[in-house]
Amino acid sequence: MAKRTFKIFRFNPETDEKPSYKTYEIDVQPAWTILDVLNEIKWFQDGTLTYRRSCRHGICGSCAMMVNGINNLACELQIATMKKDPIVIDPLPGFEIYKDLAVNMDPFYEALKRVKPWLINNDPAPSRERLQSQEEFALMGNSIACILCAACTSSCPSFWTDGEYLGPAALLKAFRYTFDTRDHGLDQRIEALDNKHGLWRCHKITNCFTACPKNLNPTEAISKLQKRIVEEKL
Amino acid sequence: MNQLLKQFGTQSGGSTAWIWQRITGLVLVIALFLHYLFLHFLNGGNVTYGEVSGRLAMPLWKTIDITFLTAALYHSVQGVIMNIHDYVHRAMLRVTLVSITWVVGLILWITGIATVIAIKSL
Ligand code: SF4
Ligand code: FES
């Protein structure tokens, strides 16, 4: 057990005029993650603390937040890897705050819907699955591993200045389907992509790449998608 | 009307501007290299009006410099417009700023071309 200090962003729009930080001293067990600390606070010290979590296995994407200035998954980030004290926990930047660490994710899901994140293929379905070779599958890279946690989109300065910008997560999803050899939907997605709030707002800042807890590279995917759209237009 | 304003200055969604930004960027790398090589290195860094006007009197150099000017202006105008699209979300203000940028770019381009064409050897 080691005592660690946590400075946590607190804001209740119904009662507080402005946000503030509250400091908690916690006895941390060796294998604890940030989520364990939040649970410890919520369950035993201060039940008013609000945050999202579900799976605790880094797969549902609910617990993304900013820890010491970098977006990450609370349930994956081990306290033992962080030497600095206090550890500062903020909500995902760029979104409206509902309460404390819980933010309004609507703009994120709206952007996602605009790129039609599903397989578009009107050919009659084969009797079994639509087969892909290993090489065809490799074209999508590891983009299929995205858990839609929004750590990337919320770290993106282009998204901070333009709330309607599709953002890295939605663009990664568009990449995933555009480079899926079974998908025929590019002409249905192109309007959302080749748009003032689309692909061209990416200025290769690469915050998304640093933030992604799954080590995905939305910046690279966006570059490939930009080339693909330009080829399509030429 | 508002819809029209929203779309104004977005240039077929942005892909055309994006590809030209890359092409002019490439032209700038080559043109800048030639510019530095001839203006600042090959003559020992001795830049005089006579020397520059002598070179600019040649049709080949006129072509190179007009290409340089066009690429530089297009690239910078697009860069400014990119910033406007990043930060200005009020349609009317954006339309105004984008228009001003194009007009200023055009005036600079015409002035530059007129100068390059007019230059004769001393
Ligand atoms: S790309 Fe990474 S950071 Fe972005 S939503 Fe997917 S998993 Fe999260
Ligand atoms: S709780 Fe599901 S990803 Fe962290």
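The values are calculated or read from the model by the stated rules, or taken from the named source; none is laboratory data. Not measured: the values here are computed from a predicted model. Neighbour counts run over all protein chains shown; Cβ positions are idealised from the backbone, glycine included.
For the list (1) of a type outside the set (A, V, I, L, M); (2) within 14 Å of chain B (Cβ to nearest Cβ); (3) within 15 Å of ligand 1 (Cβ to nearest atom), I need the number of the one condition that A:Phe95 fails.
Condition (2) is where A:Phe95 drops out.
Which number in (1) within 16 Å of ligand 1 (Cβ to nearest atom); (2) away from chain B (no Cβ under 14 Å); (3) touching a residue at least 24 places away in the same chain (Cβ under 8 Å) marks the one condition that A:Pro107 misses?
A:Pro107 satisfies every listed condition except (2).
Among the helices (runs of 4 or more DSSP H) confined wholly to segment B:40-122, which include 3 or more residues that are surrounded by 13 or more Cβ atoms within 10 Å (Cβ to Cβ) and at pLDDT 95 or above?
Filter on segment B:40-122 gives B:59-87, B:91-118.
On the basis of being outside the structural domain of A:Asp183 (by TED's automatic domain parsing) and either under 16 Å from A:Tyr165 (Cβ atoms) or out of contact with any Pro (no Cβ under 9 Å at 6 or more places or on another chain) (or both), does A:Glu110 make the cut?
no
Hey, among the residues in segment A:56-83 that are over 20 Å from A:Thr153 (Cβ atoms) and touching a residue at least 12 places away in the same chain (Cβ under 8 Å), which one's nearest to ligand 1 (Cβ to nearest atom)?
Taking the candidates together, the pick is A:His57.
Taking interchain pairs and intrachain pairs at least six residues apart, which have beta carbon atoms under 6 angstrom, with the first residue in segment A:146-162 and within 19 Å of A:Trp118 (Cβ to Cβ) and the second away from ligand 1 (no atom under 11 Å from the Cβ) and basic (Lys, Arg)?
Cβ pairs passing all conditions: none.
In segment A:218-234, what residues are part of a loop (DSSP other than H, G, I, E, B) and touching a residue at least 60 places away in the same chain (Cβ under 8 Å)?
none
In the list A:Pro86, A:Pro157, A:Pro117, A:Pro126, which residue meets the criterion of being more than 13 Å from ligand 1 (Cβ to nearest atom) and within 18 Å of the chain's Cα centre (by Cα)?
When all the criteria are applied, what remains is A:Pro157.
Would you mind telling me which numbered condition in (1) among the aromatic types (Phe, Trp, Tyr); (2) in the same structural domain as A:Ser20 (by TED's automatic domain parsing); (3) outside any loop (DSSP other than H, G, I, E, B) A:Phe95 fails?
(3)
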